[in-house]
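This report refers to the structure that appears directly beneath it.
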């Protein structure tokens with residue numbers, strides 16, 4: 001790699017590495033701490049399984065934030081005059097400089113994460129062998145480490161593109177830390193996942209996880225960032241590369257997109273207002289001294305976005321309200337309906353799915369975050385037949401019957417039963433009076449072209465009732481196995 | 001001795017030329033004496049080496065110094081050409097005065113007076129030593 | 001040769017809904033021939049640093065170009081190899097120790113000379129293994145200048161590099177530059193507010209004001225384009241208008257009674273010819289120091305004159 005980014009006997013990669021010795025060491029320490037927390041988050045002590053999800057969250061935060069700081073320092077020439085003077089005076093083309101910086105981040109952050117985690121996990125594997133029991137859950141650690149890597153990759157490339165485009169500290173802080181943080185970050189992951197999902201027609205045949213998503217998206221983002229970075233002029237240091245107006249429009253589009261991705265619910269007004277407030281706050285932070293002068297323009301932009309959003313929301317609300325609501329609820333609550341109907345699985349799936357995205361559901365984003373967090377903490381169960389084979393239609397129906405009985409007997413709201421089913425069988429998330437159940441059902445119906453393999457995952461914490469529920473299922477003749485958590 | 005007055009009225013390279021010619025006139029520098037290289041002189045005086053080079057070029061053109069590649073610059077057999085640096089102006093001023101109508105006796109009187117004063121000053125310095 | 005051709009560098013900003021352009025450099029044209037030392041002079045905010053950064057390939061001109069030996073310098077690694085800009089803000093280098101700075105410099109110039117670097121560090125007695133941020137302001141600047149000189153590029157741009165150095169150190173650094181020029185044929189462009197220093201160290205100069213070139217060329221030629229005149233009036237007192245009518249461009253004028261002092265532009269012959277037309281009983285002219293040229297040329301542009309209300 002060094003040879004291909006050498007010009008005039010200049011070693012751009014080498015000087016990039018030399019110039020950042022302190023931050024490299026700090027990042028390595030951070031990664032080591034994160035790796036330690038990662039392996040320590042799930043294992044067993046004296047045979048009792050321990051699960052400390054908060055370690056994993058901290059590991060993510062430490063790895064990601066240290067990476068953002070490192071990336072920020074590497075691209076200091078976008079916001080610091082003295083760095084720009086020193087670096088632009090070197091006889092290297094902007095493209096070479098860009099690649100050298102990327103290479104240095106790749107080495108010091110990404111490769112370091114892989115290496116350090118490999119070492120830690122390797123050591124733990126040895127420990128497991130020596131101790132005879134599983135002190136550390138190796139598979140889990142590997143999966144978590146790959147997720148951390150995905151997050152870091154994503155945060156880094158988002159930081160790069162933000163710096164290439166804006167060069168301002170406030171923007172980096174907000175986009176980098178904000179979106180690099182777990183909450184904002186997961187939102188992007190969720191959107192990306194939908195996107196990749198729709199591209200590859202995921203039907204349980206393709207296991208998509210965070211790392212893969214970011215491996216696909218990162219080159220795209222970095223290419224765009226590169227195109228912008230190369231066009232930066234010394235004068236753009238500390239400033240947005242394009243005119244301010246262009247940036248207003250772009251951020252407006254982003255906000256609009258975010259607003260649109262929320263479905264209309266009783267919380268919509270809350271979302272809208274908080275986004276607008278957030279937008280104003282970010283705007284003020286970014287353009288502090290000029291904010292007052294440019295207020296009329298900014299206000300005009302905000303009003304336009306809001307009106308656009310309201311228009312769309314009203315349209316969606318009007319077009320969906322009353323159409324599927326009651327019909328689907330009835331359909332779900334009547335077990336006969338979807339057993340007798342030959343096409344039941346397809347129609348039901350379609351209806352249920354649509355229902356899940358209906359206005360009445362909770363905030364999709366918020367609950368996805370909760371579910372994602374919960375998915376890390378709640379156990380997952382595979383339910384199969386006694387002989388280990390997957391469920392067929394009748395058995396599936398029987399299982400649903402068990403569930404229905406259980407919910408009824410435990411006084412889960414009847415009108416939410418449909419929600420619960422939809423939730424369980426098609427992955428929408430809900431929180432019902434603090435009762436949440438978690439299990440995963442894998443079922444396969446039909447033959448040949450109509451083969452329909454579903455892996456539906458719902459995450460509900462039912463606290464101390466889960467064992468009861470599982471017992472009921474076992475009594476009905478099914479086999480329950482605790483499974484490793486794999487995200488859809 | 002070469003003394004440079006940067007804010008002075010005379011260009012720097014001219015001051016260098018005069019400094020060297022002055023030393024020649026006073027007998028400090030004799031023919032075939034070595035003078036410092038342009039760079040060395042520039043460093044000593046704290047000025048631009050190009051300026052020193054310019055002075056040396058002028059002196060060489062006037063036949064006051066000569067250079068040998070690899071050896072340096074030396075005072076030439078100048079035959080009192082050095083004096084002309086000072087006398088040149090004097091000559092010009094004399095012509096001007098003549099054209100203005102100043103009589104020869106007035107100019108001669110100035111000449112005598114200045115030399116007498118300078119001689120007295122010198123004697124005074126010697127007495128005070 | 002560095003050729004700067006019609007370079008314009010402007011900063012755009014959004015004021016309300018209007019786009020406002022502020023020209024830091026306006027149609028600047030001049031050249032720096034090989035082997036010369038060019039001094040960049042200018043009023044505060046005239047654009048000296050902007051110009052040097054544009055010459056170093058850090059800023060991209062909105063119009064015009066800067067070529068180094070015929071090659072445009074912007075984003076051109078080959079051209080940048082021959083030129084090095086040492087800025088006025090050097091805190092980027094402060095993370096290194098002097099020894100690390102040497103290794104760093106070696107990385108980005110094939111022509112970097114370890115030997116020259118060491119020699120100069122020793123000559124200035126800079127401590128080798130302390131972080132540069134711990135050194136005094138003058139020493140930090142010296143370290144950056146030495147880095148630039150040790151790179152042995154054909155052209156060296158020094159932006160206020162003597163700032164914060166004591167007179168002895170300034171002399172030492174200038175001697176280092178002289179060695180560089182004579183040994184390796186380097187050309188130097190330096191910017192400074194110290195006009196005396198420029199007139200000693202440079203053979204060419206560029207005078208900037210508000211982004212425009214006021215004077216450029218050899219220092220000796222420029223200095224002798226202006227003269228100070230002292231005139232004693234005859235029957236009437238000499239006024240500024242009289243001088244103007246005589247065909248002289250007056251930059252500054254002060255008259256008390258029958259004595260008038262003025263700064264005019266023109267060579268000795270031109271000025272004498274102009275004065276000859278005036279009804280004066282006595283006239284004396286004298287050349288100006290470079291510092292005086294600076295001050296009076298700027299006054300002529302309305303800069304630097306304290307308004308006494310007269």
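Values quoted throughout were computed directly from the atomic coordinates according to the rules given, and no laboratory measurement underlies them. Everything quoted here is computed from the prediction, not taken from an experiment. All Cβ positions, glycine included, derive from the backbone under ideal geometry; neighbour counts span all protein chains shown.
What does the extension gain come out to for residue A:95 and residue A:25, with contour length at 0.36 nm per residue minus their alpha carbon separation? Could the numbers behind the result be given before it?
Values: separation 70, 0.36 × 70 = 25.20 nm, distance 2.67 nm.
Net length gain for the segment: 22.5 nm.
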Rounded Å value of the spacing that divides the Cα centres of the stretch A:79-149 and the stretch C:108-157:
34
Mind grabbing the base-10 log of I(q)/I(0) for chain B at q = 0.19, 0.21, 0.22 Å⁻¹? Debye formula, identical points on the C-alpha positions, no solvent, two decimal places.
-1.09, -1.18, -1.23
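Determine the shielding of peptide C:202-210 by partner chains: average, over its residues, the number of Cβ atoms on other chains within 10 angstrom of each Cβ. Walk me through the intermediate numbers first.
Details: counts 4, 9, 2, 0, 0, 0, 0, 0, 0.
Across the residues of C:202-210, the mean count of other-chain Cβ atoms within 10 Å is 2.
How well do other chains shield peptide A:136-145, expressed as the mean number of their Cβ atoms within 10 Å of each residue Cβ?
Working: counts 0, 0, 0, 0, 0, 0, 0, 0, 0, 0.
So the per-residue partner count for this stretch is 0.
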Compute the acute angle (0 to 90°) between the alpha-carbon long axis of helix C:137-150 and the principal axis of greatest extent of the alpha-carbon atoms of chain C; round to the nearest 10°.
80
Compute the long axis of helix C:114-124 from its Cα atoms, compare it with the longest principal axis of the Cα atoms of chain C, and write down the angle in degrees, 0 to 90, nearest 10.
60
Give the calculated FRET efficiency between residue A:50 and residue C:99 to the nearest 0.05, with a Förster radius of 35 Å applied to their Cβ-Cβ distance.
0.10
Under the 7 Å Cα-to-Cβ spin-label approximation, residue C:232 and residue C:244 lie apart by a distance in nanometres of 2.8
Kirkwood hydrodynamic radius (C-alpha pairs) into Stokes-Einstein, the stretch C:224-300, 4 °C and 1.567 mPa s, D in µm²/s:
107
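What relative contact order, as a whole-number percentage, does chain C give when Cα pairs under 8 Å and 6 or more residues apart are counted? The partial results should precede the final answer.
Working: 589 pairs, mean separation 54.5, N = 310.
Relative contact order comes out at 18 percent.
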Each label sits 7 Å from Cα toward the beta-carbon; between residue C:114 and residue A:304 the label points are separated, in nm, by 6.1
Hey, rough spin-label estimate for residue B:111 and residue C:282, points 7 angstrom out along Cα→Cβ, what's it come to in nanometres?
2.8
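From the helices alone, meaning DSSP H stretches of at least four residues, give me the mean residue ellipticity at 222 nm for chain B, per-run term -39500 (n - 2.57), in deg cm²/dmol to the nearest 500. Please report the intermediate quantities before stating the final value.
On the way: 5 runs with 77 residues, N = 129.
Using -39500 (n - 2.57) per qualifying helix, the result is -19500 deg cm²/dmol.
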Cα convex hull of the stretch A:111-151, projected area averaged across orientations, nm²
2.5
Spin-label zone in the stretch C:37-71 - amide nitrogen under 13 Å from a point set 7 Å from the Cα of residue C:1 along the C-beta vector
C:67-71
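I'd like the FRET efficiency for residue A:125 and residue A:475, computed as 1/(1 + (r/R0)^6) with the beta carbon distance as r and R0 of 41 Å, rounded to 0.05.
Numbers: r = 38 Å, r/R0 = 0.94.
My answer for the efficiency is 0.60.
Just counting partner chain Cβ atoms within 10 Å, what average do the residues of peptide A:76-87 show around their Cβ? Walk me through the numbers before you get to the answer.
Values: counts 1, 2, 0, 0, 3, 7, 8, 3, 6, 15, 13, 3.
The per-residue average across the peptide is 5.
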Descending packing, highest mean Cβ count within 10 Å first, for A:26-33, A:140-147, B:48-55, B:105-112 is B:48-55, A:140-147, A:26-33, B:105-112
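Could you calculate the FRET efficiency of residue C:122 with residue B:44 from 1/(1 + (r/R0)^6), where r is the beta carbon distance between them and R0 is 25 Å, rounded to 0.05?
Taking R0 as 25 Å, the efficiency between residue C:122 and residue B:44 is 0.75.
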